[in-house]
C-alpha cells in the first residue's frame, strides 16, 4: 500500500509500511463505553483498612543502628499484630538492617519518612526457600525481600524507604554478561546462566514445582516486594531503591492498589512494577526511574504461563511519571497467560535513556492473547521509539504458540522527540488487529520506523513533524 505523509513523503526516512489493511477514513473505533469500564475499575478497587492498633518494632527489640539484624524483631511485631486482629507495624526514626520480611493478613507495615529498612545482602538471609515466581516461572527460591503468600488485607505504606542495597558488587553481578548490553559480571563471581537454563528445561518438562529448588547456589536474584495469591493489597507512598531484581511483582493477586510509590533502581532487570496474572489493579501517582521496564504487565512464561492460564486483567494506570527505563508502559514479555483490559491515562514519560513509550513484546515461544489496551492523554517528552508492538522479542518466531494482539486504541498522545514513531510488526499469519490512533502528534522525529502486518489500522488526526499522516 502507498504511504504519504502530508504530501512531503520524501522529506525524511519513512521506514516501512507493509502488509497492512487500513480503515483510516472510517475507522471502527473503540467501544464508547471502554473508559466507563476503566471508571468501574477505579471505583471497585478499594484499599484495605486496618484497625487502629500500633506495634512499634522497637518494642520488639529492633534497633535503628544499621548494624544489628532486626529480622526476628520485625517477625515478632508482625506476628503480634496479626494475632491481635491486625493493625500497623510501625518502623520509624532510623535505618534498620533486616532480612526477609513476611507479611501476614491484616498487617500494614508502615515506614515513616525518617525511616529506612536496609536489607541484608547475604543471600542466606532469604532462606529457607519459598514458593515464588522468577521471570514468570514457578520455583522454590530465595524469599523476596518483602513477601506474602495467600494473605488478605496487607499493606506497605508511609513515606519511608526500603533499600535492597544491591549494587555492582552485591546481587547485580549474578546477572553476568550474557543477557544484556551491559556487562554486570564480576570476575570470579558466579552468575545465573546455568540455573536459568536448567529452570527453562524443568519448566518445559513439567517438573513439579516442589522439585524446582533454585535457592542457595543457583544465583537467581530475589524479587524485592512480592505479594503472591493475596487479596486486598496496598503499596503506598514508599520509595523502593537498589533492588536485586524486579522491584514490585504482585502475582495472582486481586484488588491491588499501588499509589504514590517511587521506584528508583538502575540495576539489571530493575523492572519497576510488574503485575503478573493479577485482576483488578490500580497503579496511580507513581514515579519510575529504573534500569528496565517502568511498568510491565505479565502473566507467566511459556509452559508455566499456559499451564496456569491466568491472565492479567482490569488494570488502570493513571497519573504516573516515567524517566529512565526500557519501556514506559509495557505488556510482556512473560505473557503466555494473556493480558486484557488495560487502561493508561494522564501519564508523562521522558528521558534520552527511555527506550520505548508504549510497548507490547511477545513471540511465538511466549504466545498469549493480548487484547483491549486503551491509552489516552499521554505526553512523551523524549524517547527512542514511541510505539512498539514486537512479535520478534528475544527468541523470535521460533515456536508454535502464535501470539494474538488486538484492539489497541491510543488517543491524545503527544510525543515531542523520538528517533522513531513506530516499531510495529505482526506476523503474516497473525497480523496485529485494530490498532487505532486518534489525535496523536509526533513532533521532532527521526523517521516513522516500521509498520508491518496489521489488519484494520486507523490513524485519524495524526501528524508527524506537523504533517498529516495518511494511510
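The values are calculated or read from the model by the stated rules, or taken from the named source; none is laboratory data. Bear in mind the structure is a predicted one, so any value in this text is a computation, not a measurement. Cβ atoms come from the backbone with ideal geometry, glycine included; neighbour counts cover every protein chain shown.
Residues 396, 449: which one is at positive phi and either crowded, with 21+ Cβ neighbours inside 10 Å or in contact (Cβ under 8 Å) with a residue 60 or more places away in the chain (or both)? Just one listed residue meets the conditions, 449.
Going by the conditions given, is residue 293 in a loop (DSSP other than H, G, I, E, B) and touching a strand residue (DSSP E or B) at 6+ places or on another chain (Cβ under 9 Å)?
Numbers: in a loop (DSSP other than H, G, I, E, B): yes; touching a strand residue (DSSP E or B) at 6+ places or on another chain (Cβ under 9 Å): yes.
Here the answer is yes, as residue 293 does meet what is asked.
Taken over region 373-391, residues that are modelled with pLDDT of 95 or more and either surrounded by 22 or more Cβ atoms within 10 Å (Cβ to Cβ) or over 19 Å from residue 417 (Cβ atoms) (or both) amount to 13. Within the set 331, 335, the sole residue that is modelled with pLDDT of 95 or more, touching a helix residue (DSSP H, G or I) at 6+ places or on another chain (Cβ under 9 Å), crowded, with 24+ Cβ neighbours inside 10 Å and closer than 20 Å to residue 246 by Cβ turns out to be 335. Of the residues making up region 222-261, those that are on the phi < 0 side of the Ramachandran plot and without any contact (Cβ under 8 Å) to a residue 60 or more places away in the chain are 246, 247, 248, 250, 253, 254, 258, 261.
Out of 455, 444, one residue alone is surrounded by fewer than 19 Cβ atoms within 10 Å (Cβ to Cβ), touching a strand residue (DSSP E or B) at 6+ places or on another chain (Cβ under 7 Å), more than 23 Å from residue 342 (Cα to Cα) and at pLDDT 95 or above. It is 444.
In this structure, is residue 53 in contact with a helix residue (DSSP H, G or I) (Cβ under 8 Å, 6 or more places away or on another chain), touching a residue at least 24 places away in the same chain (Cβ under 8 Å) and surrounded by fewer than 16 Cβ atoms within 10 Å (Cβ to Cβ)?
Yes; evaluated as a whole, the condition is true for this residue.
Here is a yes/no grid of residues against (1) more than 30 Å from residue 58 (Cα to Cα); (2) out of contact with any helix residue (DSSP H, G or I) (no Cβ under 9 Å at 6 or more places or on another chain):
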residue: 113; (1), (2): no, yes
residue: 118; (1), (2): no, yes
residue: 124; (1), (2): no, yes
residue: 153; (1), (2): no, yes
residue: 171; (1), (2): no, no
residue: 196; (1), (2): yes, yes
residue: 213; (1), (2): yes, yes
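Residue by residue, here is whether (1) under 30 Å from residue 85 (Cα atoms); (2) without any contact (Cβ under 8 Å) to a residue 60 or more places away in the chain holds:
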| position | (1), (2) |
| --- | --- |
| 110 | yes, yes |
| 117 | yes, yes |
| 121 | no, yes |
| 126 | yes, no |
| 133 | yes, no |
| 151 | yes, no |
| 160 | yes, no |
| 167 | no, no |
| 192 | no, yes |
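Filtering region 42-99 to residues that are within 30 Å of residue 341 (Cα to Cα) and more than 31 Å from the chain's Cα centre (by Cα) leaves nothing.
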